[in-house]
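Right, one structure below, let's go through it.
The values are calculated or read from the model by the stated rules, or taken from the named source; none is laboratory data. None of the values given here were measured: they were computed from a predicted structure. Cβ atoms come from the backbone with ideal geometry, glycine included; neighbour counts cover every protein chain shown. Note: accessible area is taken over every heavy atom of the protein model, side chains too, but ligands, DNA and RNA are not part of it. Shrake-Rupley method; radii C 1.70, N 1.55, O 1.52, S 1.80 Å.
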Amino acid sequence: MLRSTSMARSENKDVMGAGGGLAAAIAVETGGELGELAPVEARGYWEQVWRHFKRDKLAIVSGIFIIFLVIVAAIGGPLAQRWLGHGPSDLFFEGVNQDLLPVGPLTRIHDATGKSTILILGADGTLGRDEFLRLLYGARVSLEVAVLSTLTTTIIGVLLGSIAGYYRGWVDTIISRIIEITMAFPVLIFIIALAATVGDRLNNVTFGFFDRGVLTLLFVFTIFGWFYPARIVRSQVLSLREKEFVEAARMVGASDWRIVSTHILPHLVAPIIVVSTLSVAGFVLAEAGLSFLGLGVKLPTPSWGNLLAEAPNFYTTQPWLLVWPGLAVLLTTLAFNLLGDGLRDAFDPRSAH
């Protein structure tokens, strides 16, 4: 009996000794004392979003590329024009060879005054304009259309989606039917009819600082693009209006405007940001497609779409005319899509699994 008691005591000492050794090791690693708990630092919502987002290397690279693209679109064209000494619409007789084909990249030519210059990416077609400059100015036009269209469609979509989701009833029914009509409307036929009738007059509306054709596409994309963010916001608001904090706000007498602006809209920031990044990519593709068909930005204003429209005439002899604007559209849409995916996973980590 005494032997078993002593053996039990020795086992307890061994366990306590092992536990003490483990505790001492933890204390050494954390730099604290035995029995002292390390302080836990609270993390805010946006800090957690950033911690999740920075783990996605593709999204980080895409964000850096988008920042670089915006800088190039804003100041790259004017800086390159000053450096090269000619503009994107200047014609060069030496930009076309004896076979009436555009010259290739890094070709040195002379302008009408005899001044020497270089075409970094070659000429754009039978008129001998600088492909590199037109690509830079085309980036500005394409991003103007995409960003402004995203801004207007998001504002309208958030406004109508919030109203439909919060008030429900006949208000929700009317807005939902308008959304369904907009989704079913033959957009391409409308654009063709618009271009054939008042398209030229609309293209001339620039307000002094927009490029020709930008406001026309902005008008079309705004009319037929707002339903996508509206449907997403409506579904979110339908869920949020039943939460306890909204019910508590109603009980203390808060107005509908205060409830929506103070309690509901802050919870919509995450889906709005994600939808906006994905919408920019969609509008870049839409602008390129319509300009390629001759329904978007018209020459001589450069855009990635009308640069692609000229390229098929030379795809067997000068295939690089397809490469430069095609790569620009591909990389831009890919970057915005990857950024949107990364933001979606950062705002809702469970969606990544």
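Table for the structure above
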item	result
Relative contact order for the chain, counting Cα pairs under 8 Å that sit 6 or more residues apart, in percent	20
Directionally averaged projected area (convex hull, Cα atoms, region 181-263), nm²	8.2
Accessible-area order (highest first, 1.4 angstrom probe) of the listed residues 201, 82	82, 201
Contact order normalised by residue count of region 273-353, Cα under 8 Å, 6+ apart, percent	34
Rounded, prolate or oblate (a/c below 1.5 giving rounded, otherwise prolate when a/b exceeds b/c) for the chain by Cα gyration tensor	oblate
Three-way shape label, region 250-353, alpha-carbon gyration tensor, a/c 1.5	oblate
Debye-sum result for region 41-95 in log10 I(q)/I(0), which assumes one identical scatterer on each alpha carbon, at q = 0.28 Å⁻¹	-1.04
Extension gain, residue 116 back to residue 75 (0.36 nm per residue minus Cα-Cα distance, nm)	12.4 nm
Solvent-accessible heavy-atom area per residue, rounded to whole Å², over region 225-292 at 1.4 Å	49
For region 102-249, Kirkwood radius (reciprocal of mean inverse C-alpha pair distance, Å)	19.0
Alpha-carbon centroids, region 183-234 and region 331-347: separation in whole Å	25
Inter-label distance, nm, simple model (7 Å from Cα along the C-beta direction), residue 210/residue 82	2.8
Per residue value of the accessible surface for region 70-203 (all protein chains in place, 1.4 Å probe), Å²	52
Carbon plus sulfur fraction of accessible area for region 60-162, probe 1.4 Å, in percent	72
Region 239-344 - percent of accessible surface contributed by carbon and sulfur, probe 1.4 Å	68
Relative packing of 245-255, 168-178, which averages over residues the other C-beta atoms within 10 Å, highest first	168-178, 245-255
